[in-house]
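Student: Can you keep this structure in mind? I'll have questions shortly.
Please treat every number below as a calculation from the coordinates, not as lab data. As the structure is a prediction and not an experimental result, all values here were calculated from the model. Note that each Cβ is placed from the backbone with ideal geometry, even for glycine, and that neighbours are counted across all protein chains shown.
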């Protein structure tokens, strides 16, 4: 039996704003479901190398004294949130301050054992009931042309200044590519690793002087700039007005505005033919029902002899099938409308709807873990400047959870990221 802390806010600072964070500020009242959630958690951590520390001094978990520690500051709140929504409750409880990483424990380190056993945390007999308890994606988050614009605005249009505080000077918001062997601190230089990643994508698409390049998803323009510096004629598209504004400024500062045509348009609206089509971590925002349209569009726009180069976050195919209709914390707070594909799903969609196939592939999963670690470090180092932009402490906890959660996923290979070079199947002869 555990006791509840009497202090309303152990971590200091204001409680979550009911206006800004209604589901975080509100603690659900679901006593039966809370007891079920508590039982599931107790069983899940029984063999997990972590320690869950309760306010009364008791602990759960199989971790020894050196194991990462999860401090349950308000355990009844945590179990109530998990009981009401198992997919979102864990993250919302962290945002609310119901639990915290223990002293000397890094948040990603704490989440790594959970990520390593993600598919087995819920007992197998209970997993068959997933479809009855999982929330489904709200209709307004479907990736129609209008829905996609709305989804992108909710994340990428938060503030260019926010992203500028923790990204490297290239403003690349995707996995970097570090050397395979780290021999000195210089090998962990994030800007150099992002530049290596960009060159890897462009090399796969064979971008050089005179290449007609289409980039789907401009970001803040680093890839388009590098392609133009190689002598390519670049068309880059985005549906983020905030990103487009800064990207245009950066094109002009690089004196490349005449070689780069930036358009505010959806990929489905593009016409023409391109020798190279490139896109970095955009497919995750397409949505499963639009994968055939997305890849068919690449096929339609690719000139004879051309190549497509994508960088895509991926997950195991069986995990993707098990979770593709789930609506979880990441959808709710970070990336609405998204679904991470599997490599098998990409291959199957290409085969069924296009003349394309994956010709080459490189894996960067552990490189993404390091990228995320550095982003989180920078984010917290620059928090004072970020908070001056109007972001509150609940936002800070949300982003720490998001970055650590993703880092743990890549570190345990629950998630992967691949650079993929695609070409038309040889038998098509075009």
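Student: What does the extension gain come out to for residue 32 and residue 245, with contour length at 0.36 nm per residue minus their alpha carbon separation?
Tutor: 71.6 nm is the gain from fully extending residue 32 to residue 245.
Student: Can you say what percent of the DSSP beta bridges in region 141-428, counting only those with both residues inside, are antiparallel? Round to 5.
Tutor: Details: 15 of 34 bridges.
Around 45 percent antiparallel, to the nearest 5.
Student: Related question: Arranged by the count of other C-beta atoms within 10 angstrom, fewest first, what order do 410, 401 take? Let's see the in-between values first.
Tutor: On the way: 410 25, 401 22.
Listing 410, 401 from fewest to most nearby Cβ atoms yields 401, 410.
Student: Find the centroid of the Cα atoms in region 222-250 and in region 351-378, then give the distance between the two in whole Å.
Tutor: 21
Student: Report the gain in length on full extension from residue 62 to residue 15: 0.36 nm times residue separation, minus Cα-Cα distance, nm rounded to one decimal.
Tutor: Additional length available on full extension: 13.7 nm.
Student: Which FRET efficiency, nearest 0.05, do residue 288 and residue 258 yield, Cβ-Cβ r, R0 35 Å? Walk me through the intermediate numbers first.
Tutor: Working: r = 39 Å, r/R0 = 1.11.
With a Förster radius of 35 Å, E is 0.35.
Student: Which percentage, to the nearest 5, of the DSSP beta bridges contained in region 22-133 is antiparallel?
Tutor: Working: 5 of 8 bridges.
Approximately 60 percent, going by the DSSP bridge assignments.
Student: What ranking do 391, 335 get, fewest neighbouring Cβ atoms within 10 angstrom at the top?
Tutor: So the ranking, lowest neighbour count to highest, is 391, 335.
Student: Gain in length, residue 392 to residue 427, computed as 0.36 nm per residue apart minus the alpha-carbon separation, to one decimal in nm? Intermediate values should be presented prior to the final figure.
Tutor: Numbers: separation 35, 0.36 × 35 = 12.60 nm, distance 5.67 nm.
Working it through step by step, the gained length comes to 6.9 nm.
Student: Can you give me the angle between helix 365-381 and the longest principal axis of the chain, using Cα atoms only, in degrees from 0 to 90, rounded to the nearest 10?
Tutor: 70
Student: For region 276-342, what does the alpha-carbon gyration tensor say about shape, rounded, prolate or oblate, given a ≥ b ≥ c as the root eigenvalues, a/c under 1.5 as rounded, and a/b over b/c as prolate?
Tutor: prolate
Student: If you don't mind, another one. How tilted is helix 145-156 with respect to the longest principal axis of the chain? Cα atoms for both, answer in degrees (0 to 90, nearest 10).
Tutor: 60
Student: Please arrange 273, 197 by how many other C-beta atoms lie within 10 Å of their C-beta, fewest to most.
Tutor: Final ranking by Cβ density, sparse to dense: 273, 197.
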